[in-house]
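A.B. asks: Can you read through this structure? Questions will come right after.
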Amino acid sequence: MLTKNKLKMLEYYEKGLKLYKEMKFKEALKQFRKALEYEPSDGPTRLYIARCIELSKNPPPPDWDGVFTMTTK
């Protein structure tokens, strides 16, 4: 059974993921940060936060397929 915190985290994570796929990175970032308030150690949420920050600075092309290409190690 999932805890209340985990359920709340998943709610914000799912909203963030939807916005991320729509290339609305700043809005997605807000949702992922809200998710971390409920589960601070969640690895996937932290990963998407980093990606949103990077993609906000360096947006992908309009025909982006959602694949994130790492540019550094």
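The values are calculated or read from the model by the stated rules, or taken from the named source; none is laboratory data. Computed from a prediction, not measured in an experiment: that's the story for all the values here. Here Cβ is always computed from backbone atoms with ideal geometry, including for glycine, and neighbour counts include all displayed protein chains.
A.B. asks: Which one of these is at pLDDT 95 or above and touching a Cys at 6+ places or on another chain (Cβ under 7 Å): Tyr20, Tyr13?
C.D. replies: Among Tyr20, Tyr13, only Tyr20 is at pLDDT 95 or above and touching a Cys at 6+ places or on another chain (Cβ under 7 Å).
A.B. asks: Something else now. For Ala28, are the conditions met, namely being among the small types (Gly, Ala, Ser) and out of contact with any Ser or Thr (no Cβ under 7 Å at 6 or more places or on another chain)? Spell out how you get there, then give the answer.
C.D. replies: On the way: among the small types (Gly, Ala, Ser): yes; out of contact with any Ser or Thr (no Cβ under 7 Å at 6 or more places or on another chain): yes.
Answer is yes for this residue.
A.B. asks: Is it true that some residue in the stretch 37-56 is out of contact with any strand residue (DSSP E or B) (no Cβ under 9 Å at 6 or more places or on another chain), buried (at least 16 other Cβ atoms within 10 Å of the Cβ) and among the polar types (S, T, N, Q)?
C.D. replies: Yes.
A.B. asks: Determine which member of the set Thr45, Thr3 is in contact with a Lys or Arg (Cβ under 9 Å, 6 or more places away or on another chain) and not aliphatic (A, V, I, L, M).
C.D. replies: Sole residue among the options that is in contact with a Lys or Arg (Cβ under 9 Å, 6 or more places away or on another chain) and not aliphatic (A, V, I, L, M): Thr45.
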